[in-house]
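This report refers to the structure that appears directly beneath it.
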Amino acid sequence: LCNSNALFHCDQVQYTLVPVIGWQDLGTAFLEHKEQFHYFVLINCGANVDLLETLQPEEDSIFFICDTHRPMDVVNVYNDTQVKRMIKQDDYLGVPSYDDVLRDEDDEEEGGEDSGNESVGGSVCYTSICNSSYTSCNFKLWSMHGQKKLQEFLADMGLTLKQVKQKFNSMDMSIKENLREVIEESSNKYGMKDIRIQTFGVHFGFKNRFLANDVVHAAVALLENTEKVESPGDNFIKALGCLSRYSHMCIHTHTHKYKTNTSGCHIIKDVPLGSFASLLLMSAYACSKTRNKHCKLLPLVIAAPMDVEKGTVIVLGIPPESETSDKKNFLGCAFEKAAESTSSRTLHNHFDTSIIELKMDRTKFLDALITLLS
């Protein structure tokens, strides 16, 4: 989103922006525009499949790929005539040499954050703590025990529930002056040493001050809008407009909407319910903060209903925590093999191969996946 907002502006280059949500959208958009343009810049998509095989472009079509999805398809690495990769110089792709892959057939053998909102006048300390993924998952606020632990944390800070639910500007001056130190001191007692993050802010006039992560939250709320009247493309354009320096009210409104979405996980017999994005966020942090160290060595697979009428679910795979900077996710390959071995009806339309759509007959698929990963 930020790349497309800044791209080409310095050189005043004219371009057409087309939001796409999957391979089908990308193929359709390419067919519509391939006669008009010869240069195509793919942001956050295109790296992990054979582009030339997928899109079947003419020889004069040139693709520039700016994508962090890994592993990168070997054809995109070797074909530097039509496919230009935009990567860091020290980005190790782990791709073998051309001769090693394409030999002659005779030779083939085969966080965290505290949301930064304590410095914003209209924010509330209590909601900031509850809506921060870092504190939510450390306290496990989706459980009754977590809610009790939060009350103990506030008591350790020496603040009443009435005080922490006040707007920051309405707090007593003595509390505001020492709030940061009090939060950090109590956080250290509860093992939350990373409650603060380094960020930066910007002022628009006297009242409008935003931190970088607040703007991110506002953009995320727009991108993840679940209202069916809005298409994903419309959400993208609105989120793009949110990054404008003149969109103060947009940022205020959708930062609040983000808080509403993340607090959508409520308790029914200790079962967390809410949006899929909230569950994903909570699961990732809960896994990283669990006392069971073995969990970090295991992949995490999440399945949630997607379209009840069509009987489909969305399945997402998160690889085990790695000590290295390697961001490769091979669960997409495991999904393909599990679907093939069980003849499951799946749709691989997402740019991230570790996200698929599956018909409701998921039991045999998950059983096959467990066998593959065990």
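The values are calculated or read from the model by the stated rules, or taken from the named source; none is laboratory data. On a predicted model such as this, the values are computed, not experimentally measured, just so you know. No Cβ is skipped: glycine too gets one built from the backbone with ideal geometry, and neighbour counts run over all protein chains shown.
So which residues in segment 129-139 are surrounded by 20 or more Cβ atoms within 10 Å (Cβ to Cβ) and under 21 Å from the mean Cα position of the chain (by Cα)?
Ile129, Asn131, Ser132, Tyr134, Thr135, Ser136, Cys137, Asn138
Are there any pairs, at least 6 apart or on different chains, whose C-beta atoms fall under 9 Å, with the first in segment 61-72 and farther than 16 Å from Phe37 by Cα and the second modelled with pLDDT under 80 and of a type in the set (Lys, Arg), and if so, which?
From segment 61-72, the pairs are Thr68/Lys327; His69/Lys327; Arg70/Lys327; Arg70/Lys328; Pro71/Lys328.
Identify all residues within segment 209-224 that are at pLDDT below 75 and of a type in the set (A, V, I, L, M, F, W, C); write none if there are none.
The one that is at pLDDT below 75 and of a type in the set (A, V, I, L, M, F, W, C): Phe210.
Cβ contacts < 6 Å: first residue assigned by TED's automatic domain parsing to the domain that holds Gln56 and within 20 Å of Leu1 (Cα to Cα), restricted to segment 23-41; second residue among the aliphatic types (A, V, I, L, M) and surrounded by 12 or more Cβ atoms within 10 Å (Cβ to Cβ), any location; separation 6+ or different chain. Result?
Correct list of pairs: Leu26/Val20; Ala29/Val18; Ala29/Val20; Phe30/Leu55; Tyr39/Ile62.
For segment 140-164, which residues satisfy the criterion of being within 25 Å of Val215 (Cβ to Cβ) and over 25 Å from the mean Cα position of the chain (by Cα)?
Matches in segment 140-164: Val164 only.
Could you count how many residues in segment 165-189 are farther than 25 Å from Arg209 by Cα and modelled with pLDDT under 85?
Total satisfying the criteria: 0.
Look through Lys148, Lys193 and report the one residue that is basic (Lys, Arg), loosely packed, with under 14 Cβ neighbours inside 10 Å and in a loop (DSSP other than H, G, I, E, B).
Lys193
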